[in-house]
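Every number here is computed from the coordinates shown, using simple stated rules; none is lab data. As the structure is a prediction and not an experimental result, all values here were calculated from the model. Counting neighbours? That spans all protein chains shown, and the Cβs are built from the backbone with ideal geometry, glycine included.
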Amino acid sequence: MSENQFGIRHIIGAPVAKTRLSEQNIVCVPPRSAKFTLEEWRMNNDQRCRNTDDQQQLADRVLYESERIREETAERAAIMKATTDRRIEERIGDVEFIKNELQIQRKEICLELEALGVYKTRCLDCLASLQTNALTICRKCLILRDGRIGIDLVVDGVEHALQQEITTILGGQSLIKRTLEQLNEQMRRLRSIRYLVDRDLQYKQAAIDSDKGSLSLKPTDLCLSVYEGYANLDPASISAEEYNALSAKNIQMAAREVTSARPIRVFVDTLLNQVIDDLWSAYNKCNHEFNERIKETKIAKGKLEDMHRETTEKISKMQNNIIQLQKALSDKEGNIGLAHTRLGRRAQRISAELVRDPPGQTLYYECEMLRHSVEQLQQMLQEATASLRYLLQAQIQLEEDINVKMNTLKIDEVDCMTLRATMDYHAY
């Protein structure tokens, strides 16, 4: 703003109004001071000198103190930096030690998981073998033995042994399945603790990298920054004791899980060996029953064949006997005809010549004797014919029984034993 705008002019420090009073800004100026004396001038100079000297002394003290503070703070900063570097190095060493312990435990966990995986595969192979081989063969043997016919379709020791073997196989499968569940649970727990260990190792590696990065920084680096926020610069909420306790807990948990997994492997070994021993025992017992039954069947078949041979001989003899009897009856017909003819001729005698004389009595007795002989021969012929019929029926029954025994031997000795020869139990 110019002087003409307000219409004023400075003369001896006082404004002069050229406009109306309502248009002016009024400034109040104190009255002009009086002149100083020479004494006051000297005193003022002395005072200024003394004040200046005091300020110079104060400045010297400030300069000295500043230099001392700079050196002290520099030394303190160097000491703190060295202390911090040493503490960071110690911390890195501690974390690396814990990390190495965790890595050792992780390696043990991985080895244990691999071993448990092998045992799991053994259990699965054993289950599959028992299901597809042993159990199928035993059930097929039962089905084949249902193909026995006649009296041989009997509930014998072989059937009981097969049922017992199937029960043993099913019991072994049940034990192995329960053990497999325990294996899966232990492997799940090992994988869980391995996940925790891996996460802890990841965190510790990140902490080591962060501390190593911090340790490599220098005060002259260009990447440094100053925090100007209001929140706490140290957000750590876990104490060193809690950290050590947490790390020790993870290591102890890993060691405990590895330790608890090892007895399971021993248990699986013992269980598989026990199951295989039980299966072999049932297998041998069943084979023994098969062999005994086959032996009994062969003995029975041999007896039936001997009886069949004897019956065939008896049938042949009986047929010859019937032929002889028929021939004897034919021969007796001539004798009977002769005796009857003679009696007829003698019955034609006349008058007193028709006498009961010894020849007549002899002829009469001869006819009676021939009649009795014919009756005996006919009776024997009927008995021989009936006996022949019974012998033929017995022969047919024997042949049927022999065929039944042969069918039983084929089922037991050929079919079942051939199937059972393919059964194999091992520790997998």
* On full extension of the chain, what length is gained from Asp306 through Arg342, given 0.36 nm per residue of separation minus the C-alpha to C-alpha distance? -> 7.6 nm
* **Label-to-label distance, nm, for residues given as Tyr230 and Glu375 (7 Å Cα→Cβ offset)** => 14.9
* Here are some pairs, Lys120/Lys140; Lys81/Lys218; Lys81/Lys212; Lys99/Lys212; which of them have Cα atoms lying more than 18 Å apart in this structure? -> Lys120/Lys140
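Applying a 10 Å radius around every beta-carbon, put 214-221, 132-139 in order of their mean neighbour count, most first.
Details: 214-221: 9.4, 132-139: 17.1.
Sorting 214-221, 132-139 by mean packing, highest first, produces 132-139, 214-221.
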* To do: List the residues of the range 126-150 whose backbone N lies under 20 Å from a point placed 7 Å from the Cα of Thr422 along the Cα-to-Cβ direction.
  => 126-147
* Could you give the length gained on full extension between Tyr195 and Glu333, defined as 0.36 nm per residue of separation minus the Cα-Cα distance, in nm? -> 38.1 nm
* **Top of Val118, Val155, Val268 by mean-square fluctuation, Gaussian network on the chain, Cα under 10 Å** => Val155
* To do: Return the calculated 222 nm mean residue ellipticity for the chain, to the nearest 500 deg cm²/dmol, obtained by summing -39500 (n - 2.57) across DSSP H runs with n ≥ 4 and dividing by the residue count.
  => -29000 deg cm²/dmol
* Asked: What lysines sit close enough to Lys301 to cross-link, taking a C-alpha to C-alpha distance under 18 Å and skipping anything fewer than 8 places away on the same chain?
  -> Lys405, Lys410
* To do: Using a 10 angstrom cutoff on alpha carbons, build the Gaussian network for the chain and name the most mobile of Ile336, Ile322, Ile411.
  => Ile336
* From the list (i) -0.34, -1.25, -1.43; (ii) -0.46, -1.22, -1.29; (iii) -0.81, -1.19, -1.25, can you say which value of log10 I(q)/I(0) by the Debye sum over Cα atoms at q = 0.07, 0.13, 0.14 Å⁻¹ was derived from the structure given? -> (iii)
* Asked: FRET efficiency for Ser214 and Ser66, Cβ-Cβ distance as r, R0 = 22 Å, nearest 0.05?
  -> 0.10
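Multiply the residue separation of Thr121 and Ile299 by 0.36 nm, subtract the distance between their alpha-carbon atoms, and state the gained length in nm to one decimal. It would help to have the intermediate numbers written out before the result.
On the way: separation 178, 0.36 × 178 = 64.08 nm, distance 4.75 nm.
Full-extension gain reported as 59.3 nm.
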* Asked: Given springs between every Cα pair under 10 Å in a Gaussian network model of the chain, which of Leu392, Leu271, Leu162 has the largest fluctuation?
  -> Leu392
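Helix hunt in the chain: which complete DSSP H runs extend at least 30 Å axially by C-alpha with mean Kyte-Doolittle at least -0.5?
On the way: long enough: 38-129 (129 Å, -0.87); 157-216 (86 Å, -0.60); 240-347 (154 Å, -0.70); 358-409 (73 Å, -0.42).
Membrane-span-like by this criterion, though nothing is claimed about a membrane: 358-409.
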